[in-house]
Amino acid sequence: MVSSRTATAAAGVLASLAVSVVAWVVFDVALLFLAVPLVPLLFRRRGDDAEPPVYECSTCGFRTRDPEFDYCPRDGTRLEAR
């Protein structure tokens with residue numbers, strides 16, 4: 001099944017190309033640059049949106065995904081990546 005991101009990008013490219021064709025026919029001007037910003041969305045790999053690891057305090061159970069936290073704000077214990 002096609003992911004929603006791919007379907008959205010494909011619909012955007014098709015709509016952009018339709019606008020380009022209409023502009024070319026009506027104004028005799030090619031506007032193919034409208035499709036260019038959406039093309040990278042079609043070729044992005046699934047792993048690009050991976051979530052950061054969870055950092056957890058072994059003492060109190062505090063958890064965060066923010067890599068800025070090295071130590072637990074509650075008790076000062078070093079956080080471990082899970």
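The values are calculated or read from the model by the stated rules, or taken from the named source; none is laboratory data. Bear in mind the structure is a predicted one, so any value in this text is a computation, not a measurement. Cβ coordinates were reconstructed from backbone atoms using ideal geometry, including for glycine residues, and neighbour counts include every protein chain displayed. Each accessible area value is taken on the protein alone, full model and side chains, heavy atoms only, with ligands, DNA and RNA left out. Shrake-Rupley method; radii C 1.70, N 1.55, O 1.52, S 1.80 Å.
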Where a residue in the stretch 1-26 is open to solvent by 50 Å² or more (accessible area, probe 1.4 Å) and its partner, wherever it lies, is in a loop (DSSP other than H, G, I, E, B), with Cβ under 6 Å and at least six apart:
Trp24/Ala30
When the stretch 60-82 is examined, which residues are found to be more than 27 Å from the chain's Cα centre (by Cα) and open to solvent by 60 Å² or more (accessible area, probe 1.4 Å)?
Tyr71, Pro73, Arg74, Asp75, Arg78
